[in-house]
Amino acid sequence: MFSGGIPIGRFFGIEVKLHWSWFIIFLWITWVLATDYFPSVDDYQDWSTATCWVIGSATSILFFVSVLAHEMAHSLVAKAAGLKVSAITLFIFGGVSQLTEEPKSPSVEFRLAVAGPGTSLVIGAACWGIFFATRYSASPVAGMTFWLGYMNVILAAFNMIPGFPLDGGRVLRSLIWWRSRNLRRSTRIASIVGRGFGYLFIFGGIVLVFISQYASGLSLLIVGWILENAAAGSYRQMAIKDILRGNKVYAVMTQDCEVVPS
């Protein structure tokens, strides 16, 4: 799904790409910040329209820089553990680190999973520190850093939901794997929990739609649908790999092919 994308550079030897859907969310966040969020805050109501758009654009870019830092933390821990990272792709729902193989032990899985949310919390704390230092002297900087701090804490909290394939789900899988010594069983349990959270989000989204909270409801519905599909797909992928491991290509290919005369 995320194999394509526009390459924007390499950081620490890892290629970073922008999926086409990234431009949609970038424009949407910029528009919300410039037309709704900043004009509604009392401290920023003296900003001009141009200022709102410039600060909104800069804030949106910095938010995706923090998402990239979140994913880069995952990738650097993976590389340190000997895993190959093919690329990091930023897309409409954030970012994804593309690993070519599963972690080799529960401890590697745990370190890899907590690296991203930990990085987001550090960024969030740093942003709030800058906000408190500049709130009375540089309102544009304060406006950006308060929102960025809030969003990075939300990003960390959401990713720590214990449902696979979110980071919290990977932490859960690592703990079950450590106790059971069975990666496939651990993945199945973590995936079931992930699907449960997905259905919970879908139900919550439906409830919000019925009480006329359309934007929030549809957003929660989409997130729930993606989480449920990702959880189910992750376990299917693991099961297929286990089934195919050790088999030769000729054992699963069709050998009696029809020959077409020239």
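The values are calculated or read from the model by the stated rules, or taken from the named source; none is laboratory data. All figures in this text were calculated on a predicted structure; none of them were measured in a lab. Counting neighbours? That spans all protein chains shown, and the Cβs are built from the backbone with ideal geometry, glycine included. In case anyone asks, the SASA skips ligands and DNA or RNA and just uses the protein heavy atoms, side chains included. Shrake-Rupley method; radii C 1.70, N 1.55, O 1.52, S 1.80 Å.
Scanning the stretch 145-167 for residues that are open to solvent by 30 Å² or more (accessible area, probe 1.4 Å) and more than 11 Å from residue 194 (Cα to Cα) gives 146, 147, 150, 151, 153, 154, 155, 157, 158, 160. Screening the candidates 125, 78 for the property of being surrounded by 22 or more Cβ atoms within 10 Å (Cβ to Cβ) and free of Cβ contacts under 8 Å to residues at least 40 places away in the same chain yields one hit, 78. If the condition is being assigned to a helix (DSSP H, G or I) and surrounded by fewer than 13 Cβ atoms within 10 Å (Cβ to Cβ), then the stretch 211-228 contributes 214, 215.
Looking only at residues of the stretch 59-83 that are assigned to a loop (DSSP other than H, G, I, E, B) and in contact with a helix residue (DSSP H, G or I) (Cβ under 8 Å, 6 or more places away or on another chain), we find that the one that is nearest to residue 23 (Cα to Cα) is 83.
Residue check: is residue 2 out of contact with any helix residue (DSSP H, G or I) (no Cβ under 8 Å at 6 or more places or on another chain), modelled with pLDDT under 85 and not polar (S, T, N, Q)? For residue 2, the condition - out of contact with any helix residue (DSSP H, G or I) (no Cβ under 8 Å at 6 or more places or on another chain), modelled with pLDDT under 85 and not polar (S, T, N, Q) - is met.
Looking across the stretch 1-58, the residues that are hydroxyl-bearing (Ser, Thr, Tyr) and part of a helix (DSSP H, G or I) come down to 21, 30, 35, 37, 40, 44, 49, 51, 57. Summed over the stretch 34-43, the residues that are over 13 Å from residue 147 (Cα atoms), open to solvent by less than 70 Å² (accessible area, probe 1.4 Å) and either within 27 Å of the chain's Cα centre (by Cα) or touching a residue at least 40 places away in the same chain (Cβ under 8 Å) (or both) give a count of 1.
Take the stretch 196-227 and flag every residue that is more than 23 Å from the chain's Cα centre (by Cα) and closer than 20 Å to residue 168 by Cβ. Across the stretch 196-227, there are no qualifying residues. Criterion first (aliphatic (A, V, I, L, M) and open to solvent by less than 30 Å² (accessible area, probe 1.4 Å)) does residue 115 satisfy it? Judged against the criteria, residue 115 is a match.
For the residues 61, 24, 8, 29, the requirement of being at pLDDT 90 or above, closer than 27 Å to residue 230 by Cβ and open to solvent by 30 Å² or more (accessible area, probe 1.4 Å) singles out 61.
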